[in-house]
Every structure is written in structure tokens, then in C-alpha cells.
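Colleague: One structure, pasted below without further comment.
Nothing in this text is a laboratory measurement; each read-out follows from the coordinates by a stated rule. For clarity, every value in this text was computed on a predicted model and none was experimentally measured. Note that each Cβ is placed from the backbone with ideal geometry, even for glycine, and that neighbours are counted across all protein chains shown.
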Amino acid sequence: MTERIVTAEVLRDLGACKEGLEAFLAIYPQGVVESDALRIIRSGLVDHQLKPHLGWWILHFGASPEGADLRGVNLYGVSLRKADLRKADLRKADLRKADLRGADLRGANLGGANLGGANLEGADLRGVNLRGVNLYGVNISEADLRRADLRKADLRKADLRRADLRRADLRGANLGGADPRFVNLEGSDLRGVNLYGVSLRKADLRRADLRKADLRFANLEGANLRGANLEGADLRGARLDNALIDIV
């Protein structure tokens, strides 16, 4: 079967803006085969003429049942709000300051990606590989991170308010200066995590593994620590007012 040719007319029907059409025509005046659309995203050209319209381009041509191949792509500051990025390969992609609010990233591979300053509010990140990823200053409030792999991730100054991190693996992660108020960390693995001075006020830490975690001067006021393993954890200076904790 003959493949559809993506032309200016096709893009116009899909709602492309005037500037995006002009940028596309300047590079591909005769159009391009649809199967090559994602290849265009990964080309060097997209960093210049098409870069401002990259988010729209991915939304229409990037998704596939196997997941979009966006390895190493420069997506700095791009809007991918509510994008379908399930199973996408985003290894080593530059996603700094990207708008990923409400995006579906289930099963995506973000190994080695840079997400510094990105907005992931309300995003679906269940089971996502974020091991060792730069999440400095990221907004992950109200995001679904159940069973996510966050080992050794840099979460300093991240906004984790009301995020769902049940059974997530955070071993060795750095949460210095993060805001995880009202976060759900039930059953999560927090062994050796840096939580120095962090506010975990009213956090759900039931059955969490906090062995050897640094909780010095942390605010655990009203937190639920029932069944949590605190063996070797450093709680010097921590606030435990009204916290629910098992007394052994």
C-alpha cells in the first residue's frame, strides 16, 4: 500500500500553525513520506526551523505501538503536554524545562535523560526507568510514580507534593531541599536516601524501607510510619510530633 505523503495541506488539516507550515515548507517543499516524519524529529534541522513546533510534530507523528524512538533528541523547553509517550525510548534525551504535564509515559525509558526544571505535574510515570536521571527542580506534583525506578536520581528541590510513589525504588536518591509534603511513599524503598531537613509532613510512609536513611532535622509531623523499617536511620533533630510510629 502506498504511503501517505505529508504535505502542507495535510499539516494544515491537522491544525498546524502558519509558522509551523512555513518552517516545514522551507525544508520539505514537496512534502515527506509519513514513515519518515519521526526521522525528521531526530534530524539536525529540527533544532532550528522546526524546533518551536516540535511538540506538535511529535504529538501527530511520534506515537506508535512500539513507542517513539527519541533517543538523544533535543527537546529543551518543548511542550508535550498530555502527549502519548507510552513505551517511548527517551534515553539521553534533553528534556530540560519541557512541559510534560499530564503526559502518559508508562513504560518509557528515560535512562540518562536530563529532566532538570521540567514540569511533570500529573504525569503518568508508572514503572518508568528514571535511574540516575537529573530531576533537579522538577515539578512532579500529583504525578503517578508507582513502582518507578528512581535509584540514585537527583531529586533535589523537586516538587513532589501529593505524588504517588507507592513501591517506588528510591535507593540512593538525593531529595535534599525537595518538597514531598503529603506524598504517598507506602512500601517504597528509601534505603540510604538523603532526606536531610526535608518536610515529610503528613506523608504516608507505611511499610517503607528507611534503613540507613538520613532523616536529620526532617519534618515528620503527622507522618504515618507504621510498619516502616528505620533500622540504622539517622533521626537526630527530626520532628516527630503526632507521627504514627511503631514502638518496639
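Colleague: Which residue, of 241, 169, 189, 204, is farther than 28 Å from residue 101 by Cα and either among the hydrophobic types (A, V, I, L, M, F, W, C) or in contact with an Asp or Glu (Cβ under 9 Å, 6 or more places away or on another chain) (or both)?
Modeller: On the way: 169 fails: farther than 28 Å from residue 101 by Cα; 189 fails: farther than 28 Å from residue 101 by Cα; 204 fails: farther than 28 Å from residue 101 by Cα.
Answer to the selection: 241.
Colleague: Go through the range 100-110 and give me each residue that's over 12 Å from residue 126 (Cα atoms) and surrounded by fewer than 18 Cβ atoms within 10 Å (Cβ to Cβ).
Modeller: 102
Colleague: Something else now. Kindly list the number of the only condition in (1) under 21 Å from residue 229 (Cβ atoms); (2) buried (at least 20 other Cβ atoms within 10 Å of the Cβ); (3) out of contact with any strand residue (DSSP E or B) (no Cβ under 7 Å at 6 or more places or on another chain) that fails for residue 152.
Modeller: Single failed check for residue 152: (2).
Colleague: Can you name the number of the only condition in (1) crowded, with 24+ Cβ neighbours inside 10 Å; (2) under 19 Å from residue 245 (Cβ atoms) that residue 202 fails?
Modeller: Every listed condition holds for residue 202 apart from (1).
Colleague: Considering each of 147, 161 in turn, give the residue that is part of a loop (DSSP other than H, G, I, E, B) and farther than 23 Å from residue 84 by Cα.
Modeller: It is 161.
Colleague: Also, I was wondering about something else. State the number of residues belonging to the range 164-179 that are touching a strand residue (DSSP E or B) at 6+ places or on another chain (Cβ under 7 Å) and not basic (Lys, Arg).
Modeller: Of the residues in that region, 8 qualify.
Colleague: Against the definition (among the aliphatic types (A, V, I, L, M) and closer than 18 Å to residue 106 by Cβ), how does residue 158 come out, yes or no?
Modeller: The answer is no for residue 158.
Colleague: Take residue 239 and tell me if it is under 25 Å from residue 143 (Cβ atoms) and surrounded by fewer than 22 Cβ atoms within 10 Å (Cβ to Cβ).
Modeller: Taking the combined requirement at face value, the residue does not satisfy it.
Colleague: Next up: Of the residues 204, 241, which single one is farther than 20 Å from residue 126 by Cβ and over 18 Å from the mean Cα position of the chain (by Cα)?
Modeller: 241
Colleague: Would it be correct to say that residue 233 is touching a residue at least 12 places away in the same chain (Cβ under 8 Å), crowded, with 19+ Cβ neighbours inside 10 Å and closer than 30 Å to residue 105 by Cα?
Modeller: Spelling it out, it is not the case that residue 233 is touching a residue at least 12 places away in the same chain (Cβ under 8 Å), crowded, with 19+ Cβ neighbours inside 10 Å and closer than 30 Å to residue 105 by Cα.
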